[in-house]
1. For residue 124, are the conditions met, namely being at pLDDT 95 or above and under 27 Å from residue 206 (Cβ atoms)?
2. Suppose we keep only residues that are on the phi < 0 side of the Ramachandran plot and basic (Lys, Arg) within the stretch 1-32. Which one would you say is farthest from the chain's Cα centre (by Cα)?
3. Quick test of your reading of the structure: residue 119 fulfils all but one of (1) in a helix (DSSP H, G or I); (2) within 27 Å of residue 49 (Cα to Cα). Name the failing condition by number.
4. Would you confirm whether or not the stretch 44-51 contains a residue that is surrounded by fewer than 19 Cβ atoms within 10 Å (Cβ to Cβ) and either more than 16 Å from ligand 2 (Cβ to nearest atom) or more than 13 Å from the chain's Cα centre (by Cα) (or both)?
5. Out of (1) within 22 Å of residue 25 (Cβ to Cβ); (2) of a type outside the set (Asp, Glu); (3) within 16 Å of ligand 1 (Cβ to nearest atom), the odd one out for residue 163 is which?
6. Just give me the residues in the stretch 194-234 being among the small types (Gly, Ala, Ser) and within 16 Å of ligand 1 (Cβ to nearest atom), in sequence order.
7. Taking residue 131 and the conditions (1) away from ligand 2 (no atom under 16 Å from the Cβ); (2) modelled with pLDDT under 95; (3) touching a strand residue (DSSP E or B) at 6+ places or on another chain (Cβ under 8 Å), which numbered condition does it fall short on, given that it satisfies the others?
8. Does the stretch 183-193 hold any residues that are within 16 Å of ligand 1 (Cβ to nearest atom) and crowded, with 20+ Cβ neighbours inside 10 Å, and which are they?
Amino acid sequence: MLEIRKIYHYYGSAKALEEVNLQVDEKALDAVIGPNGAGKTTLLRVISGLEEPDRGKVIFLGERIDELEPHEIAKKGIAHCPERRKLFYDLSVLENLKMGSFALKDKKKFKELLDFVYETFPRLKERKKQRAGTLSGGEQQMLALARAIMSDPKLLLLDEPSLGLAPKVKAQIFEAIKKIRDEGTTTLLVEQDAVLALNVADYIHVLEEGKIEMRGTKEELVKEPRIKQVYLGI
Ligand SMILES: Nc1ncnc2c1ncn2[C@@H]1O[C@H](COP(=O)(O)OP(=O)(O)O)[C@@H](O)[C@H]1O
Ligand SMILES: [Mg+2]
């Protein structure tokens, strides 16, 4: 469904991505793990058109998208949940969800998605009239995820959804991510917390200093001495 071919990206003369190849199959939940500064955010920004790659191609559903504008890429069905949540803090929870689905034509679909979101995040249903800015960090992350789902995406890009959250809240967010996957939404998740990522993803790509250094299923990666030592601390 998504194919990244030999992507290079530089900030000035500093290399952020080097010959990155990556493929995500339809309905899969893939994760990119790697330390701070590895290029994870840059990779997602390249996919959603916020950064133009210096070399390489991004192909989505058989079509090249790396020269399109971010709004055109969004229209093709890619939703990007950025690292800092970027909600409409003065609007209510429900208004934020409506903003997520502004491009949806189908009223019935809107209702379906809203039901799914409220079922997945009961907390958001209880607080639907509350201003987003007054939610806790975990609730804001839930809202960011929910808002992305409200656009009915074909591909969901998640940038460190657990960042700065307490372990219990992290677990709730990851339960929701699993549920989204079970509904059939293809997801590419970027995550510093390797343990969480390995537990949830079908396939994991290890990005270090802008390069994919390793990839595999959880079962394959946990056997690698380097993964054990660097990412799992065992
Ligand atoms: N806007 C920018 N300008 C210059 N350098 C940047 C910018 N954004 C990121 N970088 C650099 O690119 C590298 C990759 O960053 P990033 O993609 O944010 O990594 P990660 O998300 O894995 O922490 C880092 O060395 C970072 O300092
Ligand atoms: Mg990042």
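The values are calculated or read from the model by the stated rules, or taken from the named source; none is laboratory data. Quantities reported herein were computed from a predicted structural model and do not represent experimental measurements. Methodologically, a virtual Cβ is constructed for each residue, glycine included, from the backbone with ideal geometry; neighbour enumeration extends over all protein chains shown.
1. Here the answer is no, as residue 124 does not meet what is asked.
2. 15
3. With (1) in a helix (DSSP H, G or I); (2) within 27 Å of residue 49 (Cα to Cα) applied to residue 119, the lone miss is (2).
4. Yes, because at least one residue in the stretch 44-51 is surrounded by fewer than 19 Cβ atoms within 10 Å (Cβ to Cβ) and either more than 16 Å from ligand 2 (Cβ to nearest atom) or more than 13 Å from the chain's Cα centre (by Cα) (or both).
5. Of (1) within 22 Å of residue 25 (Cβ to Cβ); (2) of a type outside the set (Asp, Glu); (3) within 16 Å of ligand 1 (Cβ to nearest atom), only one is false for residue 163: (1).
6. Residues satisfying the conditions are 194, 197, 210.
7. (2)
8. Taking the stretch 183-193 and keeping what is within 16 Å of ligand 1 (Cβ to nearest atom), we get 188-193.
Within the stretch 183-193, 188, 189, 190, 191 qualify.
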